[in-house]
Amino acid sequence: MEINGSVALVTGANRGLGRHFALELLERGASKVYATARDPRAVDLPGAQVLRLDITDAGSVAAAAGAAQDVDLLVNNAGVVAHTNLLDGDLDAIRLEMETHYFGTLRVVRAFAPVLARNGGGAILNMLSVLSWANYDGANSYSAAKAAQWSLTNGIRLELAGHGTTVTGVHLGAADTDMMAGFDVPKLDPRYVVTTALDGVAAGLREVLVDDASRAAKAALAGV
(Lines give C-alpha, C1' and ligand atoms only; values in the text may rest on other atoms or scores of the structure.)
Protein backbone atom coordinates (compact mmCIF):
# COMPACT_ATOMS: atom_id res chain seq x y z
CA MET A 1 0.00 0.00 0.00
CA GLU A 2 1.45 3.36 -1.05
CA ILE A 3 0.41 5.81 1.67
CA ASN A 4 1.75 8.86 -0.18
CA GLY A 5 -1.15 10.02 -2.36
CA SER A 6 -3.68 7.71 -0.71
CA VAL A 7 -7.13 8.72 0.53
CA ALA A 8 -7.57 7.52 4.10
CA LEU A 9 -10.41 7.38 6.57
CA VAL A 10 -9.72 7.05 10.29
CA THR A 11 -12.43 6.15 12.79
CA GLY A 12 -12.26 7.66 16.26
CA ALA A 13 -9.93 10.44 15.11
CA ASN A 14 -10.91 12.95 17.78
CA ARG A 15 -8.29 11.77 20.29
CA GLY A 16 -5.72 9.13 21.20
CA LEU A 17 -4.34 6.83 18.54
CA GLY A 18 -6.95 7.94 16.02
CA ARG A 19 -5.78 11.54 16.13
CA HIS A 20 -2.18 10.39 15.79
CA PHE A 21 -3.12 8.22 12.80
CA ALA A 22 -4.71 11.15 11.01
CA LEU A 23 -1.72 13.40 11.70
CA GLU A 24 0.80 10.78 10.58
CA LEU A 25 -1.11 10.04 7.40
CA LEU A 26 -1.08 13.72 6.50
CA GLU A 27 2.64 13.89 7.24
CA ARG A 28 3.24 10.87 4.98
CA GLY A 29 1.59 12.62 2.06
CA ALA A 30 -1.95 11.21 2.01
CA SER A 31 -3.87 13.35 -0.46
CA LYS A 32 -6.92 13.38 1.79
CA VAL A 33 -7.64 12.17 5.32
CA TYR A 34 -11.19 11.81 6.56
CA ALA A 35 -10.96 12.28 10.33
CA THR A 36 -14.16 10.87 11.78
CA ALA A 37 -15.85 10.89 15.16
CA ARG A 38 -19.32 10.58 16.65
CA ASP A 39 -19.16 14.31 17.34
CA PRO A 40 -17.23 16.02 14.53
CA ARG A 41 -16.93 19.15 16.67
CA ALA A 42 -14.42 17.21 18.80
CA VAL A 43 -12.00 16.86 15.87
CA ASP A 44 -9.32 19.54 15.64
CA LEU A 45 -7.00 18.50 12.84
CA PRO A 46 -5.86 21.14 10.33
CA GLY A 47 -5.66 19.66 6.87
CA ALA A 48 -8.08 16.81 7.54
CA GLN A 49 -11.62 16.52 6.25
CA VAL A 50 -13.88 16.06 9.26
CA LEU A 51 -16.75 13.63 8.93
CA ARG A 52 -19.37 12.38 11.38
CA LEU A 53 -19.22 8.63 11.94
CA ASP A 54 -20.68 6.56 14.76
CA ILE A 55 -19.66 2.99 14.01
CA THR A 56 -22.45 1.62 16.21
CA ASP A 57 -25.10 3.30 14.02
CA ALA A 58 -25.87 1.72 10.66
CA GLY A 59 -27.27 4.94 9.20
CA SER A 60 -24.20 6.92 10.21
CA VAL A 61 -21.88 4.33 8.65
CA ALA A 62 -23.86 4.29 5.40
CA ALA A 63 -23.81 8.09 5.23
CA ALA A 64 -20.05 8.20 5.79
CA ALA A 65 -19.43 5.60 3.10
CA GLY A 66 -21.60 7.58 0.71
CA ALA A 67 -19.69 10.78 1.43
CA ALA A 68 -16.21 9.22 1.19
CA GLN A 69 -16.31 7.35 -2.11
CA ASP A 70 -12.62 7.98 -2.82
CA VAL A 71 -11.18 6.06 0.17
CA ASP A 72 -8.51 3.43 -0.46
CA LEU A 73 -7.09 3.14 3.08
CA LEU A 74 -9.40 2.43 6.01
CA VAL A 75 -8.14 2.66 9.60
CA ASN A 76 -10.53 1.01 12.06
CA ASN A 77 -9.39 2.59 15.30
CA ALA A 78 -12.57 3.59 17.16
CA GLY A 79 -13.00 1.75 20.43
CA VAL A 80 -14.38 1.79 23.93
CA VAL A 81 -13.40 0.15 27.21
CA ALA A 82 -15.84 -0.53 30.04
CA HIS A 83 -13.27 -1.66 32.64
CA THR A 84 -15.46 -4.58 33.63
CA ASN A 85 -15.49 -8.34 34.04
CA LEU A 86 -17.85 -10.91 32.59
CA LEU A 87 -19.53 -12.41 35.66
CA ASP A 88 -20.54 -9.27 37.48
CA GLY A 89 -20.12 -6.52 34.87
CA ASP A 90 -23.00 -4.48 33.54
CA LEU A 91 -24.40 -6.33 30.52
CA ASP A 92 -25.16 -3.14 28.65
CA ALA A 93 -21.52 -2.08 28.99
CA ILE A 94 -20.34 -5.50 27.84
CA ARG A 95 -22.70 -5.33 24.85
CA LEU A 96 -21.36 -1.87 23.98
CA GLU A 97 -17.80 -3.20 23.83
CA MET A 98 -18.85 -6.05 21.53
CA GLU A 99 -21.07 -3.73 19.48
CA THR A 100 -18.18 -1.33 19.01
CA HIS A 101 -15.17 -3.58 18.46
CA TYR A 102 -16.83 -6.46 16.63
CA PHE A 103 -20.10 -5.36 15.05
CA GLY A 104 -18.96 -1.77 14.59
CA THR A 105 -15.77 -2.78 12.82
CA LEU A 106 -17.70 -5.26 10.69
CA ARG A 107 -20.31 -2.64 9.83
CA VAL A 108 -17.63 -0.22 8.63
CA VAL A 109 -15.78 -2.89 6.64
CA ARG A 110 -18.96 -4.02 4.91
CA ALA A 111 -19.77 -0.43 3.95
CA PHE A 112 -16.31 0.46 2.67
CA ALA A 113 -15.22 -2.83 1.06
CA PRO A 114 -17.06 -1.99 -2.20
CA VAL A 115 -15.59 1.52 -2.12
CA LEU A 116 -12.04 0.19 -1.83
CA ALA A 117 -12.70 -2.38 -4.57
CA ARG A 118 -13.98 0.29 -6.98
CA ASN A 119 -10.84 2.30 -6.28
CA GLY A 120 -8.63 -0.61 -7.28
CA GLY A 121 -8.32 -2.29 -3.90
CA GLY A 122 -6.40 -0.79 -1.04
CA ALA A 123 -5.78 -1.56 2.59
CA ILE A 124 -7.59 -1.93 5.89
CA LEU A 125 -5.87 -1.54 9.25
CA ASN A 126 -7.66 -2.88 12.33
CA MET A 127 -6.40 -1.75 15.73
CA LEU A 128 -6.44 -4.81 17.97
CA SER A 129 -4.76 -5.51 21.30
CA VAL A 130 -2.60 -7.89 23.29
CA LEU A 131 -5.91 -8.66 25.02
CA SER A 132 -7.07 -10.31 21.82
CA TRP A 133 -4.94 -13.21 23.10
CA ALA A 134 -4.88 -12.71 26.87
CA ASN A 135 -7.14 -11.72 29.74
CA TYR A 136 -6.90 -9.02 32.39
CA ASP A 137 -8.93 -9.20 35.59
CA GLY A 138 -11.04 -6.08 35.56
CA ALA A 139 -11.28 -5.89 31.76
CA ASN A 140 -12.28 -9.39 30.70
CA SER A 141 -15.21 -8.13 28.64
CA TYR A 142 -12.79 -6.02 26.61
CA SER A 143 -10.67 -9.13 26.00
CA ALA A 144 -13.70 -10.98 24.68
CA ALA A 145 -14.56 -8.14 22.30
CA LYS A 146 -10.98 -7.85 21.05
CA ALA A 147 -10.72 -11.62 20.54
CA ALA A 148 -13.83 -11.42 18.39
CA GLN A 149 -12.35 -8.50 16.46
CA TRP A 150 -9.16 -10.47 15.83
CA SER A 151 -11.15 -13.37 14.40
CA LEU A 152 -13.11 -10.90 12.29
CA THR A 153 -9.83 -9.45 10.99
CA ASN A 154 -8.61 -12.88 9.90
CA GLY A 155 -11.94 -13.65 8.26
CA ILE A 156 -12.24 -10.48 6.23
CA ARG A 157 -8.62 -10.85 5.08
CA LEU A 158 -9.62 -14.08 3.35
CA GLU A 159 -12.81 -12.62 1.91
CA LEU A 160 -11.21 -9.40 0.63
CA ALA A 161 -8.17 -11.01 -0.99
CA GLY A 162 -10.06 -11.24 -4.26
CA HIS A 163 -10.87 -7.53 -4.09
CA GLY A 164 -7.20 -6.56 -4.08
CA THR A 165 -7.56 -5.26 -0.52
CA THR A 166 -5.02 -6.17 2.16
CA VAL A 167 -5.95 -6.38 5.85
CA THR A 168 -3.46 -5.69 8.63
CA GLY A 169 -4.15 -6.43 12.29
CA VAL A 170 -2.15 -4.37 14.80
CA HIS A 171 -1.58 -5.64 18.35
CA LEU A 172 -0.01 -3.81 21.28
CA GLY A 173 0.04 -3.92 25.04
CA ALA A 174 -0.96 -0.34 25.84
CA ALA A 175 -0.46 3.17 24.51
CA ASP A 176 -0.41 6.32 26.59
CA THR A 177 -3.90 7.53 25.68
CA ASP A 178 -7.05 8.58 27.52
CA MET A 179 -8.54 5.11 27.07
CA MET A 180 -5.71 3.53 29.04
CA ALA A 181 -5.55 6.16 31.78
CA GLY A 182 -7.15 3.81 34.30
CA PHE A 183 -4.61 1.02 33.85
CA ASP A 184 -1.36 0.87 35.80
CA VAL A 185 0.71 -0.82 33.11
CA PRO A 186 3.68 0.16 30.91
CA LYS A 187 2.48 2.37 28.05
CA LEU A 188 3.93 3.10 24.63
CA ASP A 189 4.25 6.48 22.96
CA PRO A 190 1.18 6.74 20.65
CA ARG A 191 3.32 8.18 17.85
CA TYR A 192 5.54 5.08 17.94
CA VAL A 193 2.48 2.80 17.75
CA VAL A 194 1.08 4.67 14.77
CA THR A 195 4.32 4.83 12.80
CA THR A 196 4.97 1.13 13.39
CA ALA A 197 1.42 0.25 12.35
CA LEU A 198 1.53 2.30 9.15
CA ASP A 199 4.96 0.90 8.27
CA GLY A 200 3.32 -2.53 8.46
CA VAL A 201 0.48 -1.47 6.18
CA ALA A 202 2.93 0.00 3.69
CA ALA A 203 4.84 -3.30 3.70
CA GLY A 204 1.66 -5.33 3.22
CA LEU A 205 2.02 -7.20 6.51
CA ARG A 206 -0.86 -9.32 7.73
CA GLU A 207 -0.04 -8.65 11.36
CA VAL A 208 1.98 -6.07 13.27
CA LEU A 209 3.14 -6.87 16.81
CA VAL A 210 4.16 -3.50 18.17
CA ASP A 211 5.83 -4.50 21.44
CA ASP A 212 7.25 -7.32 23.53
CA ALA A 213 3.91 -7.79 25.31
CA SER A 214 2.07 -8.56 22.08
CA ARG A 215 4.86 -10.79 20.78
CA ALA A 216 4.93 -12.78 24.04
CA ALA A 217 1.13 -13.17 24.06
CA LYS A 218 1.09 -14.41 20.48
CA ALA A 219 3.90 -16.87 21.18
CA ALA A 220 2.09 -18.16 24.26
CA LEU A 221 -0.90 -19.22 22.19
CA ALA A 222 0.99 -22.33 21.13
CA GLY A 223 1.01 -23.51 24.74
CA VAL A 224 -2.66 -22.92 25.48
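The values are calculated or read from the model by the stated rules, or taken from the named source; none is laboratory data. Note that the structure is predicted; figures quoted are calculated from it, not measured. Cβ atoms come from the backbone with ideal geometry, glycine included; neighbour counts cover every protein chain shown. For accessibility, only protein heavy atoms count, side chains too; no ligands or nucleic acids. Shrake-Rupley method; radii C 1.70, N 1.55, O 1.52, S 1.80 Å.
For the chain, with every protein chain kept in place, what is the accessible area per residue (1.4 Å probe, Å²)?
Per-residue accessible area for the chain comes out at 44 Å².
Is it possible to state the helix-based mean residue ellipticity at 222 nm for the chain, with each DSSP H run of 4+ residues giving -39500 (n - 2.57), the sum divided by total residues, to the nearest 500 deg cm²/dmol? What is it?
Result for the chain, helices only: -12000 deg cm²/dmol.
Can you pull the one-decimal nm distance between simple spin-label points at residue 86 and residue 15, each 7 Å off the Cα toward Cβ?
Distance between label points: 2.9 nm.
At a probe size of 1.4 Å, how large is the accessible area of residue 170, to the nearest 10 Å²?
Roll a 1.4 Å probe over it and residue 170 shows about 0 Å².
Given a Förster distance of 25 angstrom, what is the FRET efficiency for residue 41 paired with residue 69, based on the Cβ-Cβ distance and rounded to 0.05? Don't skip to the end; give the middle numbers.
Numbers: r = 24 Å, r/R0 = 0.96.
Using R0 = 25 Å, I get an efficiency of 0.55.
Pick out which of 60, 143, 132 has the largest mean-square fluctuation in a Gaussian network model of the chain, springs linking Cα atoms closer than 10 Å.
Comparing 60, 143, 132 in a Gaussian network model of the chain, the most mobile one is 60.
Kindly give the semi-axes, whole Å and largest first, of the ellipsoid equivalent to the chain, taking each as the square root of 5 times a Cα gyration tensor eigenvalue. Could the numbers behind the result be given before it?
Numbers: eigenvalues 131, 72, 61 Å².
In descending order the semi-axes read 26, 19, 18 Å.
In region 117-220, what percent of the accessible surface is made up of carbon and sulfur (1.4 Å probe, ligands and nucleic acids excluded)?
On the way: 2360 of 4430 Å².
Of the solvent-accessible surface of region 117-220, carbon and sulfur hold 53 percent.
Which distance in Å, rounded to a whole number, links the C-alpha centroids of region 113-141 and region 186-224?
12
Rounded if a/c is under 1.5, else prolate if a/b beats b/c, else oblate: with a ≥ b ≥ c from the C-alpha gyration tensor eigenvalues square-rooted, which is region 91-143?
Oblate is the answer for region 91-143, as a/c is 1.5 or above yet b/c matches or exceeds a/b.
In the full protein assembly as shown, how much of residue 133 is accessible to a 1.4 Å probe, in Å² to the nearest 10?
So the heavy atoms of residue 133 present about 30 Å² to solvent.
When the Karplus curve 6.51 cos²θ - 1.76 cosθ + 1.60 is applied with θ = phi - 60°, which whole-Hz ³J(HN,Hα) does each residue of region 132-143 get, with x for Gly and Pro?
5, 10, 9, 10, 9, 4, x, 8, 5, 5, 5, 4
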